[in-house]
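What follows is a single structure, written as structure tokens, with notes after it.
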Amino acid sequence: MIRTVEQYLQSLDDGRQMWCLGEKVKDVRSHPTIQNIIRSSAMDYVLPNDPRFKHLFVTKDADGEDINFLLTAPKSADDLLRRRECFITGMRSGGGIVLHCMGIDALTACTVAAQKMDKNLGTQYTPRIEAYRTYLQKKDIGITGAITDVKGDRGLRASKQVQHKDFYVRVVDKQKDGIVVRGAKVHISASHGANEALVLPCRAHNDEEEKDYALAFAVPMNAKGLKLLGVEPNVRLSGEECDWDYPISGAGQPTESLIIFDDVFVPWDRVFMCGEWQFSRDITYAFALFHRLFGSSRMSAELEILVGAAALMAEYNGIEKYEHVRNKLAWLAMYADTVKGMSKLACTDCEKSKDTDLVIPNAMYANIAKFTFAENLHEANKIVQDISGGMPATVPAYKDWKNPEIQPYIEKYLAGKAGIPTADRIKASRLVKDYTGAYHQVANIHGEGSLAAQRMFLFMSADWNKYKAAAKRAAHIDGWQKEPHYGHLPEPEKVVGPKLPPIDKSYKL
Ligand SMILES: Cc1cc2nc3c(=O)[nH]c(=O)nc-3n(C[C@H](O)[C@H](O)[C@H](O)COP(=O)(O)OP(=O)(O)OC[C@H]3O[C@@H](n4cnc5c(N)ncnc54)[C@H](O)[C@@H]3O)c2cc1C
């Protein structure tokens, strides 16, 4: 089924326990700041219902019924490319993937882990996760992914924490019909607008002692004992003023919550890992790769805005013709297209996931994409701020502009190049002010994992044998001959050497 926007909005009236700025939220749809989040989330239901985007977002299930493509499991490079296109289109549209971004990656990671566990341990998780997938597809449920545990002392493993044992979500009771879980997940995006959360471990829990933390399950947002502590909104404005003054932060108010599992009951048919610690690494690894693909697609669309903002400010200030400005704009465009290109390569060069019928994004390219984005973001912001001049720091607000007494002065003195309305220059300055501010910088460095997490993947995924073989072959050190990329290559000295005439020794070298 493909739900209408109205059906989706109706589903959020579910009695969830949520707080924002210390107050209980009565209804996420009508809350003055959360409403903007819901407006973005609902784009997930706008696009599949729009005939221009149906081919991208809608597919058929085995019964011939329309379902959301993002809720299917990726089996080929084409599936990954389509998934990426959905992310980019959703993001460009002004939301779109807010709702599905974490959840579908978590769903895919559960599918990978289920197939691996079933094959290696003889468990029966695959039918369970597939039944859950069918439920999601048939009801067109919006899911988020809750992975990051609060973690306490980062230097200690889950079972070794000293203050209490709930820094990582764990099972505290196993009953006939299900399990009881306790703990908290932090920074969870899309939590305001999701119908359900798919909960996974955030790290490998590497031995029997940690088995209670090797846990994956799904819960509705209104489950008994589940509490959502929404992050402080970026902006406490709403409506036109918010759209004008905070075009980025207003639309994408932090969608995150601290989700508390206060002894929440989860029926067995919603449990997708419970104690199989040997596979907690597989589930986190698969999630990380899929989520880096999502992240770099999201960033591709975000960078279009940032690069565009720099180009607009250059044009509005009349400096686009100068060489130093063109060089900076060229760097920004290269940066944006590198991220985009790498995310595409992560799809085209995907890998078959061992013991499963799924593909996973190429680990190297998915991590390069995210790392390149995050590592260079501050430099990019610096360039955009440089090109924009001081206006983004001191730009008038919507209320100033709307005051008829002062608007003529603003109009006259804050004009840039002739022909550009002053209001447009102000709006572009607000965009730069908002985009290059602190929240987005932190969110983009840490969303989808910290820089160290990508470095770890990059180190693990690099084909060191290939690199060493290349160096050995070049240095004539034995040991490269069996390496698949280099071993089969003809050697110039052996293939061409014997065919050359003898060296002319008359030269005085
Ligand atoms: C805006 C935003 C949205 C997010 N959305 C989601 C979401 O929807 N779902 C979700 O599950 N998560 C989400 N995250 C969480 C994100 O994945 C984490 O923030 C990220 O993994 C870093 O974890 P942390 O915040 O706990 O920081 P920390 O883990 O405390 O990291 C801080 C630093 O400590 C280092 N560090 C930590 N542990 C170790 C160690 N054992 N050894 C060496 N170094 C260490 C890190 O590398 C980093 O440099 C989101 C984060 C943000 C900021």
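Find the residue count for segment 236-257, including only residues that are under 12 Å from Ile37 (Cα atoms) and within 15 Å of the ligand (Cβ to nearest atom). So that I can check it myself, show each step before the final result.
Quick first cut of segment 236-257, residues under 12 Å from Ile37 (Cα atoms) only: 238, 248-256.
In the following step, the residues that additionally are within 15 Å of the ligand (Cβ to nearest atom) were identified as 248-249, 251-256.
Selection size over segment 236-257: 8.
Got a sec? Which of Thr338, Thr372 is in the same structural domain as Ala453 (by TED's automatic domain parsing) and over 16 Å from the mean Cα position of the chain (by Cα)?
When all the criteria are applied, what remains is Thr338.
Can you pull out the residues in segment 186-223 that are closer than 22 Å to Asp269 by Cα, within 13 Å of the ligand (Cβ to nearest atom) and touching a Cys at 6+ places or on another chain (Cβ under 8 Å)?
Leu198, Leu200, Ala216
When the residues of segment 167-184 are filtered to those that are crowded, with 24+ Cβ neighbours inside 10 Å and in contact (Cβ under 8 Å) with a residue 60 or more places away in the chain, which remaining residue is farthest from the ligand (Cβ to nearest atom)?
Among those that are crowded, with 24+ Cβ neighbours inside 10 Å and in contact (Cβ under 8 Å) with a residue 60 or more places away in the chain, it is Val181.
Looking at segment 348-362, can you tell me whether even one residue there is touching a residue at least 24 places away in the same chain (Cβ under 8 Å), in a helix (DSSP H, G or I) and either within 15 Å of the chain's Cα centre (by Cα) or crowded, with 20+ Cβ neighbours inside 10 Å (or both)?
No.
Can you name the helices (runs of 4 or more DSSP H) wholly within segment 402-504 that have at least 1 residues being more than 30 Å from Thr255 (Cα to Cα), within 16 Å of the ligand (Cβ to nearest atom) and without any contact (Cβ under 8 Å) to a residue 40 or more places away in the chain?
Answer list for segment 402-504: 451-461.
Within segment 197-242, can you find the residues that are of a type in the set (Val, Ile, Thr) and touching a Ser or Thr at 6+ places or on another chain (Cβ under 7 Å)? Full working, then the answer.
The first filter runs over segment 197-242 and keeps only residues of a type in the set (Val, Ile, Thr), leaving 199, 219, 231, 235.
Hits for segment 197-242 are Val231, Val235.
Test Asp105 against the stated conditions and say whether it is acidic (Asp, Glu), in a helix (DSSP H, G or I) and more than 24 Å from the chain's Cα centre (by Cα). Please lay out each step first, then the result.
Working: acidic (Asp, Glu): yes; in a helix (DSSP H, G or I): yes; more than 24 Å from the chain's Cα centre (by Cα): no.
Against the criterion (acidic (Asp, Glu), in a helix (DSSP H, G or I) and more than 24 Å from the chain's Cα centre (by Cα)), Asp105 does not qualify.
Identify the single condition in (1) touching a Ser or Thr at 6+ places or on another chain (Cβ under 8 Å); (2) within 19 Å of Tyr246 (Cβ to Cβ); (3) outside any helix (DSSP H, G or I) that Pro396 does not satisfy, given that it satisfies every other one.
Tallying (1) touching a Ser or Thr at 6+ places or on another chain (Cβ under 8 Å); (2) within 19 Å of Tyr246 (Cβ to Cβ); (3) outside any helix (DSSP H, G or I), Pro396 fails exactly one: (1).
How many residues are under 27 Å from Leu226 (Cβ atoms), touching a residue at least 40 places away in the same chain (Cβ under 8 Å) and of a type outside the set (Ser, Thr, Tyr) if we restrict to segment 24-57?
Residues that pass the stated criteria total 12.
Starting from residues that are crowded, with 21+ Cβ neighbours inside 10 Å and of a type in the set (Lys, Arg), keep the ones in segment 249-301 and report whichever is modelled with the highest pLDDT.
Arg270
Give the residue, chosen from Arg133, Arg92, Arg82, Arg128, that is more than 23 Å from Glu209 (Cα to Cα), modelled with pLDDT under 95 and more than 14 Å from the ligand (Cβ to nearest atom).
Of the residues listed, the single one that is more than 23 Å from Glu209 (Cα to Cα), modelled with pLDDT under 95 and more than 14 Å from the ligand (Cβ to nearest atom) is Arg92.
Go through segment 115-144 and count every residue that is touching a Lys or Arg at 6+ places or on another chain (Cβ under 7 Å) and farther than 17 Å from Ala194 by Cβ.
Residues that pass the stated criteria total 0.
Inside segment 2-25, can you point out the residues that are in a helix (DSSP H, G or I) and surrounded by 13 or more Cβ atoms within 10 Å (Cβ to Cβ)?
Val5, Gln7, Tyr8, Leu9, Ser11, listed by residue number.
Pick from segment 140-166 the residues that are of a type in the set (S, T, N, Q) and within 12 Å of the ligand (Cβ to nearest atom): which of them is surrounded by the most Cβ atoms within 10 Å (Cβ to Cβ)?
Thr144
Take the conditions within 13 Å of the ligand (Cβ to nearest atom) and outside any strand (DSSP E or B) and apply them to Arg281. Does it pass?
Considered against the rule, which asks whether it is within 13 Å of the ligand (Cβ to nearest atom) and outside any strand (DSSP E or B), Arg281 comes out as no.
Only one of Asp153, Asp166 is in the same structural domain as Val25 (by TED's automatic domain parsing), in contact with a strand residue (DSSP E or B) (Cβ under 8 Å, 6 or more places away or on another chain) and assigned to a loop (DSSP other than H, G, I, E, B); which? Let's see the steps before the verdict.
Numbers: Asp153 fails: in contact with a strand residue (DSSP E or B) (Cβ under 8 Å, 6 or more places away or on another chain).
Going through Asp153, Asp166 in turn, just one is in the same structural domain as Val25 (by TED's automatic domain parsing), in contact with a strand residue (DSSP E or B) (Cβ under 8 Å, 6 or more places away or on another chain) and assigned to a loop (DSSP other than H, G, I, E, B): Asp166.
The values are calculated or read from the model by the stated rules, or taken from the named source; none is laboratory data. None of these values were measured; they are calculated from a predicted model. So basically every Cβ, Gly included, is an ideal-geometry build from the backbone, and we count neighbours across all protein chains shown.
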